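FYI, it's all coordinate maths here, none of it is from the lab. What you see is a predicted model, and the numbers here were worked out from it, not measured in a lab. Cβ sites come from the backbone with ideal geometry, for glycine too, and all protein chains shown count toward neighbours.
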Amino acid sequence: MGVTEISKKYIMADFKCNECGATRSLSKTTTVLREKEWVVKEAECTCKEGKYMDQIFDDSYNGMPSLIRTEESLTKN
Ligand SMILES: [Zn+2]
């Protein structure tokens, strides 16, 4: 039985279960392909079998800077 695994080393990655709301911080994660879905092996939740937590990406992960539009097109009369 071949299992595809990708090991990643994070400084710290936070995970949250969208089922029961439990959170977990992991410094090392192993991403495995499970039923056509990439899941983090260490983030398996205890509330339900086969339930995996989702990674929480904080602001530093956000590659999309919030666009603040300062339009100076208003003309003062
Ligand atoms: Zn859970």
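Worth pointing out:
- Of the residues making up region 29-55, those that are surrounded by fewer than 11 Cβ atoms within 10 Å (Cβ to Cβ) and under 15 Å from the mean Cα position of the chain (by Cα) number 1.
- Residues satisfying the stated conditions in region 1-44, i.e. away from the ligand (no atom under 16 Å from the Cβ) and part of a loop (DSSP other than H, G, I, E, B): 1, 2, 3, 4, 35, 36
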